[in-house]
Every structure is written in C-alpha cells, then in structure tokens.
Amino acid sequence: MTGRGGDVTGRGLDPFGLPGWWSGLRRGGRQPDPALAGALAAARDTPDGEARSTELERIAAHADATGDDRTAAAARFALIDAYLLHGERWRLVEPVRRCLAATDRRPDLLAEGQAELLRRYQRYAVEALLGSPRVGLDQARSMLDDLAARATGDPAAVAELHCRIADHLGDEPTARCWYDRWSTADPGPVGGCPDCAPARRAELLAGWGDHRAALDELRDTADGAADCTEQPERTLAAGLLSWLRAGEPERAAEAHVRAYRRHRRERAAFPLLATHLRWCALAGHPARGLDVLAEQLPRLDRSPDDLSAMEFAAAGALVCALAVEAGLGGRTVHRPAYGVRPAAELDVATLGATLLGVATALAGSFDARNGTGHQSGRIASWLAERPAAAPVPLPPDEDPDDGDDDGPPDEDPPPDGEPRPLSLAMITAVLDRRGDRYDVDASGAVTGRWGEVLIQFRRGGERGEILQARSVAGRRLPADRLVEAYAFCNAWNHDRLLPKAYVHEQGGELVLAGHIATDLAHGVAPAQLTVLLDAAVDTSVAYAEAVAALP
C-alpha cells in the first residue's frame, strides 16, 4: 500500500516542505515562518540546478536574519543534499559549517542519529579540499580539527583525512605517519565503506612506490570477498599498476578487462578511469588506450571534481604521447561540443597537447592553493613514464555467458540495435556487463544486492514481455511508525518518478519497498535494456539510502 495524498502534510512534507527523512528534524522552540516554509516547499519542487540552489541559499539567509533556526537548518540540509547529488562537494563547506554552528547552539534541531549523518557530511566537506582548489587549506584544516573533536570514537576517519591531505600536499613523511594510525585503527561510521578502505590505502602506497605493500592491502578484497557492491572492481582498479610493476602483468591485464567492463559506464567510477588509461599506456596497449580515451572523453567536461579531471587529462595525454611513438598518430578522436566549444575531430598529437594543457592548468591551480609544486611534479612524472616490459596479451573482453538462454537455440540473434523479445539472458547479460553479482532462481527471477537495497528483476505478462524490478530497502521500521512511513512514501512518490514506493507490514515490522514495471511488448534493444536496468538500480539505491537515513 502507499500513503494517502492530500495537502502539504498529507504529501509527507513537514512544515518546512521537506519530504522523507528531513521530516526527522525536531520541532520545538520558535515556530517556522509560514511564508518561508512555503518558499522552501516551492524550492524543493523546482528542477535541480543552480536556480534551485540559489533559492535555497536565499531562504537560509532570510531564516538566519529572522532567527528561524529550524528553517535555516532545513534549507541548508537541502543544499547539502543538492550539492552531493550533482557532484559539487567543493560547495559543502559553508552550509555544513552553518549547520554545525546551529546544532551546537540548538541540539534539539536534530533527531536521533542525525548528528552522525552531519559528521559524515563534515567528512565530505573536508574531502572537498582534495577534489578542488576552490576550497581553502585553512577552511579544510579547521573543519578537520572540529571533526576530530566530534568523532572521538572514529579515529580511523580522522587519520585517513590527515593522511590524504598530507599526501596531496607532497608531505610523504607526515602522510606515512598518519597512514600507520589509519591502518591500525578500527573503522567507524564516519569513515565510509570499510571494504573500500584497503583500496584507498593501496592507491597511496602505489603512489609512494610501495607496490608489494599495496598488493598486501588488497589481498582480502581482490577476489570479491567483501560485501560492498563496489567490489571487487574497485580493488582491481587499485591494484592495476602495482600488479604491473610487481611482475604480475597477466593478473593486471585480467583485472583491467574485468574492472573496465563495469567502470566504463558508471558515473561514480570516473575518478578510476585515469588508472585504466595509465595501465593501457604502461602495459604496452596504446591502441586500447586510445579506444578508452575516445569512449570516455565526453565525460571529462562533466567531471565530478577538478582532481579527477586533472588525472584523467594527464593519463590521456600520456596515452596520446605513447600512441604517437607507436605510429598511431594518424588516428583521429571525436571531441564533442561543450558550451561554446564546437565539436572537432582531433588527431592524436593535437588531442594530447590539449589534454596536457588541461592537466597542467589544473595542477597549477592546486599548487597555487597549496603553496607547493607537488601536483605539477606528479603530473610531470606520469608523463615521463614508459612501458617497462613487453606487452602482455589481453584476455578476451567478452561478457560472461551463463548458458541460460531461454530463446530458440539455433536462431541467429538480431543486430544489437534492433528490438528483440525480452529474455532472461538479456537481463543477465546487462548485469554481467555492469559487473554486478546476482542469483537466478528456478522461476527465472534475478536477485542481487546493491548497497542498502535488495532488487529482484523478473519478467511478467503472458509472454514475459513486462520487465519488473522489485526493490526492498534493508532498513525496517517498527510497526508503530506506520503514519510516518506513509508520509515518507507519499513524499517520495510526489517528488520522484522511480521507483513507486510502498509500505508493507510483515512480522511486526514495516518493509519499505519499491516497484518499477515497463511494458516491452514490442521488444527491447540491448542498449535500451541497459538504460532501463541502470535506472532501476540507481533509483532503487537512492530510495533505500533515503530509508536508511530516516531518523
């Protein structure tokens, strides 16, 4: 069942107009200004973008001026949510700082558990220093010192941030000192996914040239033993250059092919593409490096942060330089239009020079902020690298075949661009290309876990022509919170298209589930099915994360 619709309260919005888990902000003290509450509700209903963020900033400033702490905090939490959604972490520092100040003054503003959530946002704000030169060093250090005082039970998170900042500045001795503290401390709730921490540590060690130590860090997660849905591909990418440098090129080749199969299309995996490009260059595969670069170049213009853009551009420049040396300079790569820049077909040498300019300009911006030359030196060292051994043949880059094709055994499949009847094999082929793990039961239902959500894909209808995606959030609520669960589902269904949110009572608990159904009676092309499954996974994960964040 779903919640009931109606007025603002019936839609699951609190007096601030905030849906879902933001309704957990406690009431008490000065009542919110109804006009500001209405403005905040209207801002929440506007399309994502700069205009929405500007309006939320205006509402927060107005609430500050009138002493309406609750509306100010609600607007800034909405701002934080928007910045995280759109990859603008460099903008987090000010709203996080203001929220911390408000909740220090008024602890009653937050419901139980939201203080920990705010500390995670504080960590994201500190990490923004690493991603963009637009965040000041003093700002980040001050926020990190404050986080250390608040997160006394999570020394690993604080040590990691100190370590990564020191490494970013080129202070390796200090980074190693903090690394030792980080690697020996127990992980806590503020420090992010514990299964991905070894990959982050391995990347640091590889950057310091300690490739064997890096591989030791990855030993327990390289074969997919972790529960994190980013694994094992996250770990495989972290180990690419270390396996190559440590004399295990075959292992590196297998890791690259397997991990890139997934990372090539995941938005969050853009920061890992530089490693794939460097591996192609240094493993003696400049032609494949050009293929990867041509495929991923459009993403550079929409990089989630400046550090990822700098590293991608530098790795791409290295690929171009080695491709020219290998006699591939005659190839051209399409660079799409962006903003006022027109589309162009660039030869490899010209593209390499363009990417080098992007990388050096960004490195210079970081160094100007940092007061060091470390980032420029790091980029220069990348560009000076050359393959150390003969290339190792790549394993076949083919999607795994589980042999469970339910179509006619001897019928030739239509071309990839043409629609065909939906089949179990098509669903599993898409998940295989994504690198996801799943199980198939006797009825043909495909079930997997992505973070906090369990998703089951199955075919419905008389001919199996309806694609159904049913998701269940990992978080359960007690039965006495039924009204709140209705309100949450109403708010989700009001603001989001997918998935359709429901509440079920089961065994004295409330199960928050989602459902997506798509009629494919006229068939579906593999590329279309990929889009549908990607959307089902992404929206279901977002739904489960919102459920997990409920107070």
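The values are calculated or read from the model by the stated rules, or taken from the named source; none is laboratory data. Since this is a predicted model, take the numbers as computed values, not measurements. Here Cβ is always computed from backbone atoms with ideal geometry, including for glycine, and neighbour counts include all displayed protein chains. Just the protein is used for accessible areas: all its heavy atoms, side chains included, with ligands, DNA and RNA removed. Shrake-Rupley method; radii C 1.70, N 1.55, O 1.52, S 1.80 Å.
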Considering only residues that are in a loop (DSSP other than H, G, I, E, B) and in contact with an Asp or Glu (Cβ under 8 Å, 6 or more places away or on another chain), look in the stretch 48-95 and name the one that is nearest to E127 (Cα to Cα). G87
I'm told P342 meets every condition in (1) open to solvent by 10 Å² or more (accessible area, probe 1.4 Å); (2) touching a residue at least 40 places away in the same chain (Cβ under 8 Å); (3) farther than 22 Å from L244 by Cβ; (4) not acidic (D, E) except one. Can you identify the failing condition by its number? (2)
Options R265, R288, R261; residue that is within 26 Å of the chain's Cα centre (by Cα) and surrounded by fewer than 18 Cβ atoms within 10 Å (Cβ to Cβ): R265
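Residues are listed down the side, and each one gets a yes or a no for (1) open to solvent by less than 50 Å² (accessible area, probe 1.4 Å); (2) closer than 26 Å to C193 by Cβ; (3) in contact with a Cys (Cβ under 7 Å, 6 or more places away or on another chain); (4) hydroxyl-bearing (S, T, Y):
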{"position": "H515", "(1), (2), (3), (4)": "no, no, no, no"}
{"position": "T518", "(1), (2), (3), (4)": "yes, no, no, yes"}
{"position": "L532", "(1), (2), (3), (4)": "no, no, no, no"}
{"position": "A536", "(1), (2), (3), (4)": "yes, yes, no, no"}
{"position": "A546", "(1), (2), (3), (4)": "yes, yes, no, no"}
{"position": "P551", "(1), (2), (3), (4)": "yes, yes, no, no"}
Would you confirm whether or not the stretch 290-307 contains a residue that is farther than 15 Å from P391 by Cα, hydrophobic (A, V, I, L, M, F, W, C) and part of a loop (DSSP other than H, G, I, E, B)? no
Hits in the stretch 52-83 - residues which are under 19 Å from W492 (Cα atoms) and open to solvent by 50 Å² or more (accessible area, probe 1.4 Å): D81
Looking at the stretch 138-220, what helices (runs of 4 or more DSSP H) fall wholly within it and have at least 1 residues that are farther than 29 Å from G451 by Cα, of a type in the set (A, V, I, L, M, F, W, C) and at pLDDT 95 or above? 155-169, 172-184
Scanning the stretch 419-474 for residues that are crowded, with 17+ Cβ neighbours inside 10 Å, of a type in the set (D, E) and closer than 25 Å to A268 by Cα gives D432, D436, E452
Among the residues of the stretch 201-216, is any free of Cβ contacts under 8 Å to residues at least 12 places away in the same chain and either open to solvent by 70 Å² or more (accessible area, probe 1.4 Å) or more than 27 Å from A380 (Cα to Cα) (or both)? yes
Go through the stretch 475-513 and count every residue that is part of a loop (DSSP other than H, G, I, E, B), closer than 23 Å to A535 by Cβ and open to solvent by 10 Å² or more (accessible area, probe 1.4 Å). 3
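For every residue, the table says whether it meets (1) at pLDDT 95 or above; (2) more than 13 Å from T360 (Cα to Cα).
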position	(1), (2)
L282	yes, yes
G289	yes, yes
V292	yes, yes
R299	no, yes
L307	yes, no
M310	yes, no
A313	yes, no
Residue pairs meeting the criteria (Cβ under 6 Å; at least 6 apart or on separate chains; first charged (D, E, K, R), in the stretch 261-288; second modelled with pLDDT under 95 and outside any helix (DSSP H, G or I)): R261/G435; R262/G435
Return yes or no: is A115 within 24 Å of the chain's Cα centre (by Cα), open to solvent by 40 Å² or more (accessible area, probe 1.4 Å) and among the small types (G, A, S)? yes
Looking at the stretch 100-111, is at least one residue crowded, with 20+ Cβ neighbours inside 10 Å and not in a helix (DSSP H, G or I)? yes
Looking at the stretch 80-94, I want the residues that are under 19 Å from Q139 (Cα atoms) and have a partner that is among the β-branched types (V, I, T) and outside any loop (DSSP other than H, G, I, E, B) with Cβ atoms under 8 Å, at least 6 apart or on another chain. Which pairs are those? I80/V96; L92/I80
Expected single match for of a type outside the set (S, T, Y), modelled with pLDDT under 85 and open to solvent by less than 10 Å² (accessible area, probe 1.4 Å) among G17, G49, G29 is G17
Please name all residue pairs, on different chains or six or more residues apart, with Cβ atoms under 6 Å, provided the first residue is in the stretch 169-188 and is within 20 Å of G373 (Cβ to Cβ) and basic (K, R) and the second residue is open to solvent by 60 Å² or more (accessible area, probe 1.4 Å) and part of a loop (DSSP other than H, G, I, E, B). none
Report the residue count in the stretch 226-248 for those that are part of a helix (DSSP H, G or I), more than 19 Å from W382 (Cβ to Cβ) and not aliphatic (A, V, I, L, M). 3
Kindly establish whether L355 is over 26 Å from G136 (Cβ atoms) and in contact with a Gly (Cβ under 8 Å, 6 or more places away or on another chain). yes
Quick one: S381 ticks every box in (1) within 27 Å of H168 (Cα to Cα); (2) surrounded by 15 or more Cβ atoms within 10 Å (Cβ to Cβ) bar one, so which box is it? (2)
Before we move on, is A363 crowded, with 16+ Cβ neighbours inside 10 Å, over 30 Å from the mean Cα position of the chain (by Cα) and assigned to a helix (DSSP H, G or I)? no
Could you please find all residues in the stretch 122-147 being open to solvent by 40 Å² or more (accessible area, probe 1.4 Å) and more than 19 Å from R200 (Cβ to Cβ)? R134, D138, Q139, R141, S142, D145, D146
Of the residues G448, G377, which single one is at pLDDT 90 or above, within 30 Å of Q528 (Cβ to Cβ), not β-branched (V, I, T) and not in a loop (DSSP other than H, G, I, E, B)? G448
